[in-house]
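Each remark here refers to the structure printed beneath this line.
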């Protein structure tokens, strides 16, 4: 049972950021009751059962037991879903003892920021990953996971044009286990509203009391050899904007312009979508939302 529990953890974590990564993790873990892998898995089980304080205690105990690079990689990969680039760089620069304190402070500061009980942000993190993996997983081609790569390192003109590192994409993911919907869900939770239109377009709306709603659009990616890969786009077709009538006035007003909206209005809407993409893919929150 402990072996299965520890192995199941790997299925919920993003693969390492390599050119291509096989779906089988090349790691060997101890399955002793006090091993990092088992404590890490128990943390997630406690979170799923609603025991957030216990969950974070197991999580930190697993970090204290870590000594091998593969064990620390469990934490690096888990944190990379929501940590900033600067935070991950800081984590990587620390020794083992300092990393334990860093992890504790990482989650505790988010509990305080979002007004949650001890371990609450970590428990929500586990819940969101479970949903993202269940609902937004990418089915990779030939047993490999497409992951982010720089355009300069891409090996073919096809990849440069439509692949994961394409400059034509409005957002380049940091990993390839879930699609862009999963990436945003893990960072910000479920949207306040969803709308769908023809041609596989889906739009998410996050309400913001302090200003404009955040509206992002997704389209099926049919060019990368995988299935279930839905990617962010900043300029959806008019039917997608029409589907937002009643949810987002700015999108609706552009869609209802007789003869089509002026180019500058469409460009303002595109820039608004790009700003929403930047915010939703680089920040994270679990603060309770107003009803």
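One table, with the values for the structure above:
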item	result
Kirkwood Rh, angstrom, the range 53-128 [1 / mean 1/r, Cα pairs]	12.6 Å
Burial ranking of peptide ranges 213-219, 110-116, 270-276 (average Cβ count within 10 Å, highest at the top)	213-219, 270-276, 110-116
√(5λ) per eigenvalue of the Cα gyration tensor, the range 229-278, largest first, Å	18, 13, 10
Equivalent ellipsoid semi-axes - Cα gyration tensor, the range 43-90, angstrom	21, 14, 8
Residues 267, 209, 279 arranged by fewest to most Cβ contacts within 10 Å	209, 267, 279
Alpha-carbon centroids, the range 267-291 and the range 174-203: separation in whole Å	12 Å
Burial ordering of 253, 52, 35, fewest other beta-carbon atoms within 10 Å first	253, 35, 52
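Each reported figure results from applying straightforward, stated rules to the coordinates on display, with no laboratory input. Predicted model only: the values in this text are computed from it and were never measured. Cβ sites come from the backbone with ideal geometry, for glycine too, and all protein chains shown count toward neighbours.
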